[in-house]
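A.B. asks: Following this message is one structure expressed as structure tokens.
The values are calculated or read from the model by the stated rules, or taken from the named source; none is laboratory data. All of these numbers come straight from a predicted model, not from anything done at the bench. Don't worry about glycine lacking a Cβ; one is built from the backbone with ideal geometry, like all the others, and counts go over all protein chains shown.
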Amino acid sequence: MKLKLGLPKGSLQEPTFALFQRAGFTFRISARSYQPVVDDPELEPVLLRPQEIPFYVEKGVLDAGLTGHDWVTDCGVDVRELCELRYSKLTSNPIRVVLAVHQDSPIQSVHDLQGLSVATEYVRLTDRYLDQHGVQARVEFSWGACEVKVPDLVDAIVVNTETGSSLKAHNLRIVETLLTSTTRLVVNHAAWADPDKREKLESMQILLEGAINASRRVGLKMNLPRANQDEILGLLPALKNPTISPLADPAWVAAEVILMDTEVRDLIPALKRAGATGLVEYPLNKVIF
């Protein structure tokens, strides 16, 4: 069994390889080839632009792939979105696909685009959005850098943004949001119906999600005086249930807990002041819920 897997090239390539590394799959690029190789004989990886991956997954050229929900929607394909993967600075927060215009533009809604021009990479998505609102406008494909085209070349643009800082830097404002998107693991229906490929994909999902969960968490070990155990453990965030183990000295116990990495900065000094000793913070590789 070979599972043909599409991986995004470009800015997401290295974060994607790093995620799979944490999940237990080692990808590398051969010196004589632009295609990756992997240490799992059941995987056949292919590097493609994320915009193309949904098409090839639907057609069966690929069994599965990592791409944005925005590109799945733009392509209008019939694929199964198996899970959401937020694993890099570019994908940890959702992006928005927005309609934007120059600050001085009179355009206040999509209905004001009647008879005007729009530049975008999301041609199909934009066409459908305009149709839904009964608006006829000229939509032209842009390879990128849409921000510089407004207002001299086009009246409006449809682009993706996370913070909106690039739009503000170009003196643009957001008129409407077409959709919100994150990276997804998608699969075609034929591959999902294949028992072997489905099992492989389900296993991959568990490992990838476990690696993402671990990237935001740390483990914390400590020794506690039994007499103050409840008081010290009361400092832990709500719903955190540590593992308690006896020590050779009956007056002490060992405690171990998994926490969000943002919680330990203030917690460790507080635990120390309350009487905990031997505090050890350690990184995690996978956390499976």
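Residue-by-condition table, conditions (1) hydrophobic (A, V, I, L, M, F, W, C); (2) within 20 Å of the chain's Cα centre (by Cα):
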site: Glu42; (1), (2): no, no
site: Val57; (1), (2): yes, yes
site: Gly68; (1), (2): no, yes
site: Cys75; (1), (2): yes, yes
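A.B. asks: Okay, moving on. Select, from Val61, Val98, Val46, the only residue that is touching an Asp or Glu at 6+ places or on another chain (Cβ under 9 Å) and among the hydrophobic types (A, V, I, L, M, F, W, C).
C.D. replies: Val98
A.B. asks: Now a separate question. Before we move on, is Glu231 of a type in the set (Asp, Glu) and over 33 Å from the mean Cα position of the chain (by Cα)? First the steps, then the outcome.
C.D. replies: Values: of a type in the set (Asp, Glu): yes; over 33 Å from the mean Cα position of the chain (by Cα): yes.
In short, yes.
A.B. asks: Filtering the stretch 154-209 down to residues that are outside the structural domain of Ile53 (by TED's automatic domain parsing) and either out of contact with any strand residue (DSSP E or B) (no Cβ under 7 Å at 6 or more places or on another chain) or assigned to a helix (DSSP H, G or I) (or both), which residue is nearest to Tyr87 (Cα to Cα)?
C.D. replies: Across the stretch 154-209, the extreme among qualifying residues is Thr163.
A.B. asks: Hey, can you tell me all the residues within the stretch 143-166 that are in contact with a Ser or Thr (Cβ under 8 Å, 6 or more places away or on another chain) and closer than 16 Å to Asp70 by Cβ?
C.D. replies: Hits for the stretch 143-166 are Cys146, Ile157, Val158, Val159, Asn160.
A.B. asks: Further question on the same structure: Hey, can you tell me all the residues within the stretch 11-32 that are under 19 Å from the mean Cα position of the chain (by Cα), in a loop (DSSP other than H, G, I, E, B) and more than 14 Å from Leu43 (Cα to Cα)?
C.D. replies: The answer is Ser11, Leu12.
A.B. asks: Please go through the stretch 136-176 and pick out each residue that is at pLDDT 95 or above and of a type in the set (Gly, Ala, Ser).
C.D. replies: Ala137, Ala156
A.B. asks: Take the stretch 100-133 and flag every residue that is closer than 28 Å to Gln51 by Cα, among the polar types (S, T, N, Q) and not in a helix (DSSP H, G or I).
C.D. replies: Ser109, Gln114, Ser117, Thr120
A.B. asks: A further question on this structure: Determine if the stretch 33-41 includes at least one residue that is assigned to a strand (DSSP E or B) and either touching a Cys at 6+ places or on another chain (Cβ under 6 Å) or within 29 Å of Thr163 (Cα to Cα) (or both). Reasoning before the result, please.
C.D. replies: So in the stretch 33-41, the residues assigned to a strand (DSSP E or B) come out as 36-38.
Applying the additional criterion that residues be either touching a Cys at 6+ places or on another chain (Cβ under 6 Å) or within 29 Å of Thr163 (Cα to Cα) (or both) yields none.
No, every residue in the stretch 33-41 fails to be assigned to a strand (DSSP E or B) and either touching a Cys at 6+ places or on another chain (Cβ under 6 Å) or within 29 Å of Thr163 (Cα to Cα) (or both).
A.B. asks: Look at the stretch 221-233 and say how many of its residues are in contact with a Phe, Trp or Tyr (Cβ under 8 Å, 6 or more places away or on another chain) and not in a helix (DSSP H, G or I).
C.D. replies: 4
A.B. asks: Additional query: What's the number of the condition Arg173 fails, among (1) among the basic types (Lys, Arg); (2) touching a residue at least 24 places away in the same chain (Cβ under 8 Å); (3) farther than 30 Å from Leu116 by Cα?
C.D. replies: Among (1) among the basic types (Lys, Arg); (2) touching a residue at least 24 places away in the same chain (Cβ under 8 Å); (3) farther than 30 Å from Leu116 by Cα, Arg173 violates only (3).
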